[in-house]
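Single-structure report; data block below.
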Amino acid sequence: MKNTLFGKDILSTRNITKDEASSIFRRADELREIVQTKGSTDILRGKILTALFYEPSSRTYASFISAMQRLGGGIIPLNGMTNTSVAKGETLEDTIHVFDSYGDCIVMRHPEVGTSVKAAVYAKGPVVNAGDGTGEHPTQALLDVYTIRRHFPSLQGTTVTLVGDLLNGRTVHSLIMLLALYTPSRINLVSPNELRMPEEYVAYVQKTGIRVSQTDILNDVVSTTDVLYATRVQKERFSDVKVYERLKHRYVITRDTMKLLKKDTILMHPLPRVGEISPDIDGDPRALYLREQVPNGMYVRMAVLSLILKK
Ligand code: ASP
């Protein structure tokens, strides 16, 4: 089968087909096996990834770096641009031209929505959006759906609940669109009124026939949920810290919440968590954020890199 991901920019989950997602998940399964038995492979020997991170990141950054290294490729690691020519006022266009000639792909994080789309126009090699402000984070959504499908191979008939800062959280923007490919029966959106999911994403999934409910009361929906996905209130997007303080712990998942969930419901979080999930439930078998999402992030990013960089 032709690899349609070869050379492709991964900017939004809107442009990922179900076949492409399936080939990423299949490749992630293979690479998981390789890493667990041999530690690494040399599929991408001779290829170089530039990690161009203009905004703080630890795990996404590190998982791309480790993914590329386990594939045998090289890296140009730039995390925080204060020591680079960007701090001297270099334009995005020039920066992209430079790293596009040194390396074979650019993985980019930036505080402004749409910057990776602009970068992709300037770059000849593929660009991966590793988070653009309040926009999207497509590889997080891929690892999330990969994780979900290891528990619910068909999402049909399931109920997925996204809770927290659905306005500013880019992971849920990418996730809701990717979920639309798998047609769960219902998606519940739980947030304070001020932090509701932007209408464009709601309309996008409703078009596929999935029922979408919006509420600000988590306890109304937990007992019928199969996948509970919690997110942090995105402090860095608030101009008024008082508003953030008022909203930040509106939803906290505790042992009491876990008692209301079904026994096979899974609890997820893109991390970092800052109080949304009480640490005393980390050992619950339904809590997947540390045990499964973190390692899956590396396998899925290995899969993405190997498919975009090699025919
Ligand atoms: N790590 C995720 C992101 O970069 C989630 C978060 O920061 O809340 O979007």
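The HN-Hα couplings worked out from phi for the stretch 189-203 by the Karplus form 6.51 cos²θ - 1.76 cosθ + 1.60 (θ = phi - 60°) are 10, 10, 7, x, 3, 5, 10, 6, 4, x, 4, 4, 6, 4, 4 Hz, whole numbers, x standing for Gly and Pro.
Please go through the stretch 13-81 and write out the trypsin sites (Lys or Arg not before Pro) that DSSP classes as loop and that have at most 15 other C-beta atoms within 10 Å.
Details: sites: R14, K18, R26, R27, R32, K38, R45, K47, R59, R70; in loops: R45, K47.
Sites meeting the loop and neighbour criteria: R45.
Can you tell me the FRET efficiency between D264 and T17 if r is taken as the Cβ-Cβ distance and R0 is 22 Å, rounded to the nearest 0.05? Calculated transfer efficiency: 0.15. Only Cα sites of the chain enter the Debye sum here, all with the same form factor; the resulting log10 I(q)/I(0) across q = 0.09 1/Å is -0.44, listed in q order. Across the stretch 148-163, the residues whose backbone nitrogen lies under 14 Å from the label position 7 Å along the beta-carbon direction of S185 are 155-161. Given the options Y299, Y102, Y182, which has the most mean-square fluctuation in a GNM of the chain, springs set between C-alpha atoms less than 10 angstrom apart? The residue with the greatest mean-square fluctuation here is Y102. Pairs with C-alpha atoms separated by more than 23 Å, drawn from the list K207/K262; K2/K124; K8/K118; K18/K310, are K207/K262. Looking at the square roots a ≥ b ≥ c of the eigenvalues of the Cα gyration tensor of the stretch 152-287, which shape do they give, rounded for a/c under 1.5, prolate if a/b is larger than b/c, or oblate? Judged from the Cα gyration tensor, the stretch 152-287 comes out oblate (a/c at least 1.5, b/c at or above a/b). Annotation: aspartates and glutamates with alpha-carbon distance below 17 angstrom to K311 (same-chain offsets under eight excluded): D9, D19, E20, E30, D42, D104. Axis of helix 170-179 versus longest Cα principal axis of the chain: the two differ by about 80°, to the nearest ten degrees.
Length available on full extension from T37 to R150: 0.36 nm per residue minus the Cα-Cα distance, which gives 38.7 nm. Within the stretch 28-49, list the residues whose amide N lies under 19 Å from a label point set 7 Å along Cα→Cβ of E90. Under 19 Å, as judged by backbone N against the label point of E90, lie 48-49 of the stretch 28-49. As a calculated quantity, the FRET efficiency between S101 and E236 at R0 = 35 Å, using C-beta atoms, amounts to about 0.60.
Cβ-Cβ distance of D280 and R59, R₀ of 25 Å, FRET efficiency by 1/(1 + (r/R0)^6): the value works out to about 0.65.
Every number in this text was worked out from the coordinates using simple rules, so none of it is lab data. Given the structure is predicted, the values throughout are model-derived calculations rather than measurements. FYI the Cβ positions are ideal-geometry reconstructions off the backbone, even for glycines, and counts take in every protein chain you see.
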